Amino acid sequence: MIGGASQADVAVLVISARKGEFETGFERGGQTREHAMLVKTAGVRHLIVVVNKMDDPTVEWDASRFNDVRDKLTPYLKKCGFNPKSDIFYIPVSGLTGYNLKDCAQEICPWYDGPSLIQYLDSLPPVSRMSEGPVRLPIVDRYKDMGTIVLGKVESGSIARGQILTLMPNKCAVEIMQLWSDDDETEQVFPGENVKLKLKNVEEEDVSPGFILCSPDNLCHTAKVFDAQIVILEHKSIICAGYSAVMHVHTSAEEVTLKALICLIDKKTNEKSKTRPRFVKQDQIAIVRLEVLGGIICVEPFKDFPQMGRFTLRDEGKTIAIGKILKVVA
C-alpha cells in the first residue's frame, strides 16, 4: 500500500455506501482513515472519492446517503491536508452494474450531473515536474534477468540509455543499458514515469528497495541521524525518548529510534516551546531527533525535495505519526 502510494499522483478512495459498512471503515482504527492519511503523506495531491454500492437495497441511489458520506469524510480529509475545493472530488457509482464508471447514469441518478470516473480521470491536468533538476529515482524493487533490473518512479531529472548514474547510499557508478516505460522499451524517460532499468556494473544482491539513482554531480543526502517535525496521529500512551518505530520514507522502510524531543509546536500559533518536552502525546506536533538503527538511508530535507522528505512512522501495523525531515544531522 505505502510502496504503491509513493509512485502515484492521483488516488481513488473507494467507499461503501451500504448502511454500516462506511461507518465501520471510518471509525477510529478503521482502514478508511489510515488509507487517506497514508496517500497524503506519500505525496498524492489529488483524491477521488468513489462512493460505491449505490445500487444496494439499503441505499437505492439515495442522494441523502451520498451527502451523508461526503459530509462525514470531508472534515477528516481536510485534517489530512487535502483542500476540499481543489483536491477532492466525490462520484457516486455502482461497481456491480457499472453505472458512473465509464458512462454517466442520468436516468438512474438524476441528482448527480458530474462526470463519470473515467471522464474525470481523463480531464485532470498533468502534474508539473522537475524535468530540469538532478536525477532522483527511488528503487521500489529489483530482480535478475540477463543483468540487474530495477523498478521505480522518476521523481526528478531525465534518464537516457548509456547515461552514467550513481547508486546511493553505496556510491556505486552504474551505466543504464536499457529502459522500459510501462513495459515499452524507450531511449529516454522523464519525471512521473514508472520505469524499469537494466543496470551495468552492479549485482542484483547489492541493490535494495529504498536505494536511489542520482546524478553523479548532485548526490542525494544520506542520513543516520536527522531532525524532523512529526504529528502524532493515533497512540494510546505517551511517547518518550527511546521509542522505536518503523519509518516509511519514499520506497524505504527502516527501524528508527527517537533520540531526543527538541520542542513542541503550538497548533494555533506555530510557536515553539521554550523548554524541552519530556514526552509527546496524541494530536501534538513536535520537533524530534531520530536515529536509524540499520545503517543509513537516503533522504532529503522536505523544503528541498518534498518527495524524499516526508515519512510515516508505523508500529504494530498502525500509523502512529506523519512527519517531514527538517535537516540531516549525521
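The C-beta contact set for region 87-115 (first residue in a strand (DSSP E or B), second residue open to solvent by 50 Å² or more (accessible area, probe 1.4 Å), distance under 7 angstrom, 6+ apart or interchain) comprises Tyr90/Arg70. Just so you know, in region 218-245 the residues that are open to solvent by 40 Å² or more (accessible area, probe 1.4 Å) and in contact with a Ser or Thr (Cβ under 9 Å, 6 or more places away or on another chain) include one that is nearest to Lys267 (Cα to Cα), and it is Glu234. A count restricted to region 270-305 and to residues that are outside any strand (DSSP E or B) and either in contact (Cβ under 8 Å) with a residue 24 or more places away in the chain or more than 22 Å from the chain's Cα centre (by Cα) (or both) stands at 21. In region 122-133, the condition of being small (Gly, Ala, Ser), within 30 Å of Val292 (Cα to Cα), more than 26 Å from the chain's Cα centre (by Cα) and open to solvent by 20 Å² or more (accessible area, probe 1.4 Å) is met by no residue. Pairing residues of region 16-45 that are charged (D, E, K, R) with residues that are in a helix (DSSP H, G or I) and surrounded by 17 or more Cβ atoms within 10 Å (Cβ to Cβ), at Cβ distances under 7 Å and at least 6 apart in sequence or on separate chains, gives Arg33/Phe26; Lys40/Cys80.
If a residue must be of a type in the set (Val, Ile, Thr) and surrounded by 15 or more Cβ atoms within 10 Å (Cβ to Cβ), how many such residues does region 258-273 contain? Residues that pass the stated criteria total 2. I need the full set of residues from region 194-209 which are surrounded by fewer than 20 Cβ atoms within 10 Å (Cβ to Cβ) and either aromatic (Phe, Trp, Tyr) or assigned to a loop (DSSP other than H, G, I, E, B) (or both), in order please. Within region 194-209, Asn201, Val202, Glu203, Ser208, Pro209 qualify. Can Leu47 be described as closer than 30 Å to Ile322 by Cβ, touching an Asp or Glu at 6+ places or on another chain (Cβ under 8 Å) and either open to solvent by less than 80 Å² (accessible area, probe 1.4 Å) or not in a strand (DSSP E or B) (or both)? Yes.
The values are calculated or read from the model by the stated rules, or taken from the named source; none is laboratory data. Given the structure is predicted, the values throughout are model-derived calculations rather than measurements. In this analysis, Cβ positions are derived from the backbone assuming ideal geometry, glycine residues included, and neighbour counts consider all displayed protein chains. The accessibility values were calculated without ligands, DNA or RNA, using every heavy atom of the protein model including side chains. Shrake-Rupley method; radii C 1.70, N 1.55, O 1.52, S 1.80 Å.
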